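*Asks:* Below is the structure I would like to discuss, written out as structure tokens.
The values are calculated or read from the model by the stated rules, or taken from the named source; none is laboratory data. If you're wondering where the values come from, they're calculated on a predicted model, not measured in any experiment. All Cβ positions, glycine included, derive from the backbone under ideal geometry; neighbour counts span all protein chains shown. Surface areas here come from the heavy atoms of the whole protein model, side chains and all, with no ligands, DNA or RNA. Shrake-Rupley method; radii C 1.70, N 1.55, O 1.52, S 1.80 Å.
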Amino acid sequence: QVRLVESGGGLVQPGGSLKLSCTASGDVITPYAMGWYRQAPGKERELVARSWPAGSINYADSVTGRFTISRDNMKSTVYMQMGNLRPDDTAVYYCTAILVPNGYWGQGTRVTVSS
């Protein structure tokens, strides 16, 4: 069983930056696909970014060039640096760890982009 704990959310003005962190316990994250999803009010949960064990990375088109996912396997932590934030980035952000057939979710951290 993997437990994921996110941190780093908060209120930020448009154009600002935030860095989210997700620390895993219960297993090493090295073989896991680690990712960030988000769910905005009234919308479905969507994939934001994913870091694969072999090193490849995927981003949603809406965040490409603004967000950067990274991982530190030794610290069992995955990060997401978010820049040039927009009001439509407002959402609860969830960390995920997937190693088929198992998948784990964190409780989420709220990001609000507003002036």
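*Asks:* List the trypsin sites (Lys or Arg not before Pro) in the stretch 1-49 that DSSP assigns to loop (not H, G, I, E or B) and whose Cβ has at most 15 other Cβ atoms within 10 Å. Which are they?
*Replies:* LYS43, ARG45
*Asks:* If you roll a 1.4 Å probe over the chain with all protein chains in place, what percent of the accessible area is carbon or sulfur?
*Replies:* Percent of accessible area from carbon and sulfur atoms in the chain: 50.
*Asks:* Could you give me the ³J(HN,Hα) list for the stretch 96-108, computed from phi with Karplus coefficients 6.51, -1.76, 1.60 and θ = phi - 60°, whole Hz, x at Gly and Pro?
*Replies:* Whole-Hz 3J(HN,Hα) from phi for the stretch 96-108: 10, 9, 10, 9, 3, x, 9, x, 10, 10, x, 7, x.
*Asks:* Shifting gears a bit: What residues have an amide H closer than 5 Å to that of VAL48, excluding those fewer than 5 places away on the same chain, when H is modeled at 1.01 Å from N in the peptide plane?
*Replies:* Here the answer is TRP36, TYR37, ARG38, since their amide H atoms fall under 5 Å of that of VAL48.
*Asks:* Across all directions of projection, what mean area in square nanometres is found for the Cα convex hull of the chain?
*Replies:* 6.7 nm²
*Asks:* Which whole-number value in Å² is the accessible area per residue of the chain, probe 1.4 Å?
*Replies:* I get 53 Å² per residue for this part.
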